[in-house]
1. Can you find, within the range 229-249, the residue that is nearest to L182 (Cα to Cα) among those that are in contact with a Leu (Cβ under 8 Å, 6 or more places away or on another chain) and open to solvent by 20 Å² or more (accessible area, probe 1.4 Å)?
2. Let me confirm something: among R170, R204, which residue is within 20 Å of the chain's Cα centre (by Cα) and not polar (S, T, N, Q)?
3. Which residue pairs have Cβ atoms under 6 Å apart, sit 6 or more places apart or on different chains, and have a first residue in the range 269-292 that is within 16 Å of A56 (Cα to Cα) and open to solvent by less than 70 Å² (accessible area, probe 1.4 Å) and a second that is in a helix (DSSP H, G or I) and of a type in the set (S, T, N, Q)?
4. Out of the residues in the range 144-193 that are among the β-branched types (V, I, T) and modelled with pLDDT of 95 or more, state the one that is farthest from S266 (Cα to Cα).
5. Exactly one condition in (1) open to solvent by 40 Å² or more (accessible area, probe 1.4 Å); (2) under 30 Å from R68 (Cβ atoms); (3) within 21 Å of the chain's Cα centre (by Cα); (4) acidic (D, E) is false for E263; which is it?
6. Test each condition in (1) buried (at least 16 other Cβ atoms within 10 Å of the Cβ); (2) at pLDDT 95 or above; (3) of a type outside the set (G, A, S) for L32 and report the one that comes out false.
7. Inside the range 164-207, counting only strands (runs of 3 or more DSSP E) that do not spill past its ends, which hold 1 or more residues that are over 17 Å from N59 (Cβ atoms) and open to solvent by 60 Å² or more (accessible area, probe 1.4 Å)?
8. If a residue must be out of contact with any Ser or Thr (no Cβ under 6 Å at 6 or more places or on another chain) and either assigned to a loop (DSSP other than H, G, I, E, B) or within 17 Å of V297 (Cβ to Cβ) (or both), how many such residues does the range 208-240 contain?
Amino acid sequence: MSAASWDPLAPVLVEPLAGSDSPAHYLLAETLDGLYTPYALRLPDGPGPHPFVLVAYGNGGGGMGWLRDRVHRFRHVTDVLLEAGYACAWVRYRTEVELGYQTGGPLRSTVRQGMGLLNRAPLEYEDEVAILRHVAIHPAIDADRLFHLGVSHAGEMLLKLLSQHPGLLRAGVAAEPASHELLTLRLDDVPTVTSEGGLRDIERMEIRSTDRARDRIADPDEVSARLDAVDIPVLVLGRDEDELQGVFRLTYELLAEKRDDVEWRSWSHDVHGYIYPESDAEGVARVDDVQREALAVVVDFLDRHSR
């Protein structure tokens with residue numbers, strides 16, 4: 001293939017979704033170390049340029065297979081965003097590195113022999129940076145109205161991204177953000193947290209109390225500096241019965257100490273990641289009243305900061 005024929009915005013796959021006129025355009029964004037990460041762009045009706053919402057969930061890995069499953073099985077959130085006039089994309093990124101954010105520090109780049117040199121490997125939230133920069137050049141996207149919607153680990157990723165790469169987003173939603181690394185929480189004496197070969201198992205970690213979470217902050221000055229870099233409005237969503245509700249609420253409270261445009265909402269629901277309802281093979285979503293209300297709150301938040 002000649003260089004003249006390469007189009008970085010050409011989809012590698014266009015996949016229809018049952019009952020929808022908005023297919024998924026699978027694109028590849030070049031990451032900060034020259035590899036590529038996929039995302040599945042859907043566009044609303046009309047010529048645009050449209051505001052854009054990056055949609056993310058959990059830890060990384062899984063590649064194109066994981067992404068295609070999310071696009072179809074968890075399409076409802078993108079259907080809701082499309083109806084509200086937002087372009088959106090489920091995204092995939094590299095696997096999380098245990099304490100990579102804590103130990104790696106800010107990413108720095110320079111040039112050696114005409115090519116790039118980094119002080120460390122990029123981390124998963126920096127793949128999101130690459131996607132945001134890539135989609136911003138798309139003619140159908142308004143580069144001044146980019147948003148981030150992340151659940152669980154991806155909620156923490158939003159805040160990690162902001163702490164080191166400001167200036168990319170208009171606003172963001174951190175839903176059930178597992179922010180223990182961002183907040184430097186001490187977990188060594190939590191009975192349900194184990195470690196093997198330097199990798200912690202936090203699947204059964206329980207910190208329901210906000211005060212308990214606050215008492216576990218190991219480096220308040222570092223946390224303060226990280227949150228000082230947050231340059232956008234943030235909506236933090238909790239889940240009343242979640243084992244980490246104390247971490248979710250503390251994330252909000254610490255942000256609210258810095259900014260007056262931070263918001264908090266929480267609902268009772270039995271599903272972690274409840275704002276991403278599942279759909280069947282025909283695209284019919286199983287949505288309850290809590291999920292419907294929560295998604296309406298998300299859209300309202302985006303609308304207020306999209307004007």
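1. First, pick out the residues of the range 229-249 that are in contact with a Leu (Cβ under 8 Å, 6 or more places away or on another chain): 229-232, 234, 236, 247-248.
Applying the additional criterion that residues be open to solvent by 20 Å² or more (accessible area, probe 1.4 Å) yields 229, 231.
Details: A229: 13, D231: 16 Å.
The qualifying residue nearest to L182 (Cα to Cα) is A229.
2. None of the other options fit; the residue is R170.
3. Matching pairs, first to second residue: Y274/Q291; P277/Q291.
4. So the first thing to find is which residues in the range 144-193 are among the β-branched types (V, I, T), and the list is 151, 173, 184, 190, 192-193.
Going one step further and asking which of them are modelled with pLDDT of 95 or more, we end up with 151, 173, 184.
Values: V151: 13, V173: 13, T184: 23 Å.
Among residues in the range 144-193 that are among the β-branched types (V, I, T) and modelled with pLDDT of 95 or more, the one farthest from S266 (Cα to Cα) is T184.
5. All conditions are met except number (2).
6. Here L32 meets the rest and fails (2).
7. In the range 164-207, the matching strands (runs of 3 or more DSSP E) lie at 194-196.
8. Of the residues in the range 208-240, 11 are out of contact with any Ser or Thr (no Cβ under 6 Å at 6 or more places or on another chain) and either assigned to a loop (DSSP other than H, G, I, E, B) or within 17 Å of V297 (Cβ to Cβ) (or both).
The values are calculated or read from the model by the stated rules, or taken from the named source; none is laboratory data. Fair warning: this is a prediction, and the values are worked out from it, not measured in the lab. A quick note on method: Cβ atoms are made from the backbone with ideal geometry, for glycine too, and the neighbour counts reach across all protein chains shown. In case anyone asks, the SASA skips ligands and DNA or RNA and just uses the protein heavy atoms, side chains included. Shrake-Rupley method; radii C 1.70, N 1.55, O 1.52, S 1.80 Å.
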